[in-house]
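Contents: one structure, followed by commentary.
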Ligand SMILES: Cc1cc2nc3c(=O)[nH]c(=O)nc-3n(C[C@H](O)[C@H](O)[C@H](O)COP(=O)(O)OP(=O)(O)OC[C@H]3O[C@@H](n4cnc5c(N)ncnc54)[C@H](O)[C@@H]3O)c2cc1C
């Protein structure tokens, strides 16, 4: 049998499904009825669907004001949808003969049903996109735990103390001060090339660090005051040119709420993977800004002929160990498993390089895995 905890979300989903279907049926009944009574069915259906969808948006917007007693509100709204939607056809038939402004009543009832159905679609936190990119996620995650976050703190050594705890030596980069944090358990969410140094003093079977290959990346934020018009597809968020070394650029201004001038920042991404990573890294650090410009501009010119005079600035950054680049036998190999193995049930590991693929989903997955392992280690103590 399902527990109440598991039954409730399933029941809620089922009732939302039933009410949403009823909402559609009410809307279709209203369209059919308006066609019978007023004629011009295409016009009637289009107007009613338009009014209904618009009202759903209003309902969804109003829903953000419901913060307390959500379940009780939800049930009352479900009942109201049933009453208003269910009675609307009868009401419309009854009043058609006797009132002058039949359309007002018709659209009023359709709007009310739409608003009530829309109230079930949460507007609160319904963020699909935002102007600050990952900054938004970062701030939201930090907002609940800001007190426990210490910025500008570089850990340079981990070791076990005499009483079997873990000591982390920290350099505070702004003040130059050094402190130690003593903890029962530690999650190291740093990449392996850093762990290799942090754990140098701890005796354990060493993972094969050489198996972790990090490819360097070159990133440039290019400010352009205009993108020359040309034939073909207009500017997208992600723009990839065929047959060029880079992976193109994203229009970093895409999410800006002010849709005004032509000025844009485009972020250009170049994986430096033509040579072995170590060589590519050294080569990247030895290039001058002018040499980078000579790599970036021909590609941008290829995509947008005539763009050069519109470029205002280029801010560039080299990520020496940009992200893990999985090689043959790495993802299912031993090095990865070995590096993820906790040390003495006290030091746990989380980082995307333990997945072998550098994407945010893997970062969350590794973090959650490590947290679960820490909790489990207390349970079995
Ligand atoms: C150019 C670029 C573009 C990308 N684009 C995408 C994308 O579009 N979509 C996507 O899903 N992923 C993308 N990624 C990958 C994504 O950024 C990573 O997968 C993700 O950030 C990894 O998260 P993480 O927590 O595992 O590691 P990291 O983000 O590497 O976090 C490790 C943290 O440890 C800190 N640290 C390191 N050493 C120390 C130390 N000694 N003391 C204290 N702190 C330390 C670092 O400062 C860092 O904050 C991109 C990566 C790059 C480089």
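Since every read-out is calculated from the coordinates, none of them should be taken as a lab result. Bear in mind the structure is a predicted one, so any value in this text is a computation, not a measurement. Neighbour counts are summed over all protein chains in view; Cβ atoms, including those assigned to glycine, are modelled from backbone coordinates with ideal geometry.
When only alpha carbons are used to place a centre, segment 309-351 and segment 131-198 end up 17 Å from one another.
Under 15 Å from a point placed 7 Å out from the Cα of residue 241 along the Cα-to-Cβ direction: which residues of segment 269-292 have their backbone N that close? It comes to 269-271, 292, nothing else. Could you state the angle between the C-alpha long axis of helix 277-286 and the longest principal axis of the C-alpha atoms of the chain, as a value from 0 to 90 degrees rounded to the nearest 10? Computed tilt is about 90 degrees.
Take the Cα of residue 197, step 7 Å toward its Cβ, do the same at residue 308, and the gap between the two points is 4.0 nm. For the chain, the longest principal axis of the alpha carbon atoms and the long axis of helix 70-96 meet at an angle near 30°. Listing 174, 372 from fewest to most neighbouring C-beta atoms within 10 Å gives 174, 372. Once you divide the Cα radius of gyration of segment 218-310 by 2.2 N^0.38 Å, the number left is 1.16. Dividing the convex hull volume of the alpha-carbon atoms in the chain by its residue count gives 254 Å³ per residue. Only DSSP H runs of four or more residues enter the estimate; each adds -39500 (n - 2.57), and after division by the residues of the chain the mean residue ellipticity at 222 nm equals -15000 deg cm²/dmol.
Across the chain, the mean sequence separation of Cα contacts (distance under 8 Å, 6 or more residues apart), normalised by length, yields a relative contact order of 14 percent. Exposure proxy ranking for 256, 365, based on other Cβ atoms within 10 angstrom of each Cβ and starting from the fewest, stands as 256, 365.
Fully extending the segment from residue 184 to residue 233 would add 12.0 nm, taking 0.36 nm per residue of separation and subtracting the current Cα-Cα distance. Label-to-label distance for residue 204 and residue 301 is 5.2 nm, based on points extended 7 Å past Cα in the beta-carbon direction. Helix 289-303 and the longest principal axis of the Cα set of the chain meet at an angle near 30°.
Between residue 90 and residue 42, the distance separating the two model label sites (each 7 Å from Cα on the Cα→Cβ line) works out to 3.5 nm.
With no solvent and one equal point scatterer per Cα, compute the Debye intensity ratio I(q)/I(0) for segment 4-118 at 0.23 Å⁻¹ and report its log10, rounded to two decimals. The calculated log intensity ratios at q = 0.23 Å⁻¹ are -1.28.
Between the alpha-carbon centres of segment 219-279 and segment 56-93 there is a gap of 45 Å. Fully extending the segment from residue 337 to residue 262, taken as 0.36 nm per residue of separation minus the present Cα-Cα distance, adds 22.1 nm.
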